[in-house]
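Let me begin by presenting the structure, written as structure tokens, before commenting on it.
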Amino acid sequence: MRLILMGAPGSGKGTQAEKLMNEYDCHQISTGVLLRQSIESGSDLGHKVQKIMSEGLLVSDDIVLDLIKNQLSEIGDDGFLLDGYPRNISQAKSLKDLLETINKPLDYTILINVPSEILIKRLSGRRTCSLTGKTLNIYFSSQSELDECLSNGGELLQREDDNEDSIIKRIEVYEEQTEPMIDFYRSAELLLTVDGQGPVDEVYLGLKKLMEL
Ligand code: AP5
């Protein structure tokens, strides 16, 4: 399986990618996760991208293309699920060229559709358990899930870019730069769309149905 999960910030790409990865044998490649790891490690790349990411802007196309090339070469012939890449038409074209060169064509791109008022609540409520790394939400996770982290001595951490200004900027950037990719993939007959408004498990069922078609 070789696919792109596309959707606005907070649409549930990371959440659904994790579920898909557990059930289908493939690797999740998230440029957001890779960039945050580079910040945490204090690398030169991390220093370069930290301010841009905290402001909700996109880092340069060259940087993310290098990350993707490295990851694809590491996973060899295994399947992959791209989460957060590509994010503009130029990245979509670079990915197309790269996949042609390595002879790994995409199966499809799945767009997770969620209205912006829901996105803001999901992003402002997102927390990560410091012990398990699990993504939770103070508005949508069950009390028992939140307690499980806290009662074991964990903390519910908030991402640096999940503040109001950055959330608004990220949604704006998505509408201006990422949404035009919808037509790009529709024209290539690679676009599938799933309703991402319902609870996590319901969205996942919708995704699986699409993939089984
Ligand atoms: P990235 O990490 O990709 O962030 P994003 O696109 O803003 O997406 P998010 O991770 O915020 O949302 P998500 O859709 O994964 O939602 P999640 O599943 O976590 O990118 C961060 C930054 O890195 C960018 O701003 C940019 O600076 C840079 N970057 C990354 N890639 C780049 C690229 N290609 N080019 C240039 N720059 C790049 O869910 C969100 C919350 O909602 C969670 O709390 C979750 O529990 C909850 N939730 C999920 N689904 C549901 C549901 N169905 N019902 C209720 N709650 C739900």
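The values are calculated or read from the model by the stated rules, or taken from the named source; none is laboratory data. Values in this document were obtained by computation on a predicted structure and should not be read as measured data. For neighbour counting, all protein chains shown are included, and Cβ atoms are generated from backbone atoms with ideal geometry for every residue, glycine included. These area figures cover heavy atoms from the full protein model, side chains too; ligands, DNA and RNA do not enter into them. Shrake-Rupley method; radii C 1.70, N 1.55, O 1.52, S 1.80 Å.
Tabulated results
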read-out	value
Cα centroid of region 145-185 to Cα centroid of region 1-32, whole Å	14 Å
Accessible area (Å², 1.4 Å probe, nearest 10) - T128	40 Å²
Antiparallel %, DSSP beta bridges [both residues in the chain], to 5	20 percent
Pair-distance profile P(r), taking every C-alpha pair of the chain, with 10 angstrom steps and integer %	8, 33, 40, 18, 2, 0
The chain, helix-only ellipticity at 222 nm - DSSP H runs n ≥ 4, -39,500 (n - 2.57), divided by all residues, nearest 500	-15500 deg cm²/dmol
List H27, H47, ordered by accessible area with a 1.4 Å probe, largest first	H47, H27
Coil-residue trypsin sites (Lys or Arg not before Pro) of region 24-89, DSSP, other Cβ within 10 Å capped at 13	none
Charge context of A92, other residues only, Cβ under 14 angstrom, K/R +1, D/E -1	-1
Whole-number percent relative contact order across the chain, with pairs defined as alpha carbons under 8 Å at least 6 apart	30 percent
I112, I102, I63, ranked by accessible area, largest first (probe 1.4 Å)	I102, I63, I112
Those GluC sites (Glu not before Pro) in region 15-65 that DSSP places in a loop and that have at most 14 other beta carbons within 10 Å	E55
Cα centre as origin, Lys/Arg/Asp/Glu Cβ charges: region 7-149 dipole, Debye	520 debye
Charge sum, other residues only, whose C-beta stays under 14 Å from T193's C-beta, Lys/Arg counted +1 and Asp/Glu -1	-1
Sparsely packed GluC sites (Glu not before Pro) within region 178-213, loop by DSSP, other Cβ within 10 Å at most 12	E189
